[in-house]
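Colleague: Got a structure here, written out as structure tokens. Questions coming.
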Amino acid sequence: MTPTPRLTRTIPDAFVHETTEREGAAGAAWLAELPGIVAELLDRWSCVPDGEVTHGAVGLIVPVRQRGDGVEGEAAVLKVSFPHPGNVHEPDAFAVWRGRGAVRLYERDDERFAMLLERASSVTLAESRAGAEAGTANGNRTANGNGNGSGSGNGNGNGSGTANGAGAGSRESDALATVAGRLSRRLAVPAPPGLPRLADQAATWEPELRRDDAELAHSLPRRTVDAALATVHELARTQPDLMLHGDFHARNILRAEREPWLAVDPKGCAGDPAYDGGSLLKARVPALLDAPDLGRAVHRLLDVYAEAAELDRERVRRWSQLHAVQAAFWGRRHGFRLTRARSAHANAGTDPLVRAAEHLAQLLTD
């Protein structure tokens, strides 16, 4: 057998910076071990590097090819993530889906927070042209990569791609919402025992909302905060046992070969599929800030997504409103990573993403 080549490509500087900034000394120690971890996994899983090393927010992505008997094998990616509780159930989600709407899991090393996954392109659904092409052809292209992102955003939708907001931007947003909704519907399969239940997390949401409401200098009206609290009481504490992605947004939907679009970077939990619709809508806010009528754009995206996902539109709206309130409070307390990256002197009171999240929360309050 040909020896496994050493990982000659350096770890991206941006990944080093982000990891050490976020994780401190623990991150620096992990980064020091990372080349050895990658080399060990390449050898164990009989892979050779095959492309530029990339990264998401918490994971290093090494394109590889599996080898055997001297023959170049299937393209894949080796993903090694910084050990964190939020990453524990990612391989469990892939194992449940078995390639249904998500990349396939070939190998896993839970102790190393590592996986060997099906490879697809780095083109994400967040690129509106890609979304438009996929939507008009029922998703006839492909996507997968491995990245990870977060954002506080908003989206647009109303109807199933009908007029009511014509123009290229509206068509692209309709297509994006349609692709995401159809994919969400496919991912919503029965969840096995052992995965975290979103309903169990809901016990912490009410006290967090009340504390943030009392302590932060925010601009949310009383009725907006009360609507979020009502969602926690009425929807969050009792939920179905269906698979959720948990971080469902357009940058985590990628073009692929085997299927038009595939999901990556799931958190892996069980609950109400409408919750994932809230994640998608929230993350579309920056893309919609220039819409002529933001409220119309938001509700249009909501309508298109709910129809494509075959979900109750009101449940998606309520989850989306809760997401927006939580995001607004998070931004007020911690600041958004995107804004911090652009300005070392970012102020939560003037942060456009915080203001956008607060505006979105009010737009979604019935």
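Colleague: Please find, within the range 71-87, the residue that is surrounded by the fewest Cβ atoms within 10 Å (Cβ to Cβ) out of those that are touching a residue at least 24 places away in the same chain (Cβ under 8 Å) and farther than 21 Å from Ala120 by Cα.
Modeller: That would be His84.
Colleague: Among the listed residues Pro266, Pro240, which satisfies the condition of being under 30 Å from Ala95 (Cβ atoms) and either open to solvent by 30 Å² or more (accessible area, probe 1.4 Å) or in a helix (DSSP H, G or I) (or both)?
Modeller: Pro240
One line per residue, one yes/no per condition, for (1) closer than 26 Å to Ala177 by Cα; (2) among the charged types (D, E, K, R):
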| site | (1), (2) |
| --- | --- |
| Leu220 | no, no |
| Val225 | no, no |
| Ala236 | yes, no |
| Arg255 | yes, yes |
| Pro260 | yes, no |
| Lys267 | yes, yes |
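Colleague: If you don't mind, another one. Among strands (runs of 3 or more DSSP E) lying entirely in the range 1-116, which contain 2 or more residues that are in contact with a Cys (Cβ under 7 Å, 6 or more places away or on another chain) and either acidic (Asp, Glu) or modelled with pLDDT under 95 (or both)?
Modeller: It comes to 59-68.
Colleague: Same structure again: Within the range 269-290, take every residue that is over 15 Å from the mean Cα position of the chain (by Cα), among the hydrophobic types (A, V, I, L, M, F, W, C) and within 19 Å of Leu301 (Cα to Cα) and give me the one that is least open to solvent (accessible area, probe 1.4 Å).
Modeller: Ranking the candidates gives Leu288 first.
Colleague: Where the second residue is open to solvent by 20 Å² or more (accessible area, probe 1.4 Å) and part of a loop (DSSP other than H, G, I, E, B) and the first is in contact (Cβ under 8 Å) with a residue 24 or more places away in the chain and at positive phi and lies in the range 236-258, which pairs have Cβ atoms under 8 Å and are six or more apart or on separate chains?
Modeller: Final answer for the pair search is Gly246/Lys267.
The values are calculated or read from the model by the stated rules, or taken from the named source; none is laboratory data. Since the structure is predicted, the reported quantities are computational estimates derived from the model, not experimental observations. Methodologically, a virtual Cβ is constructed for each residue, glycine included, from the backbone with ideal geometry; neighbour enumeration extends over all protein chains shown. Ligands, DNA and RNA are stripped out before the accessible areas are found, and what is left, the full protein with its side chains, is counted by its heavy atoms. Shrake-Rupley method; radii C 1.70, N 1.55, O 1.52, S 1.80 Å.
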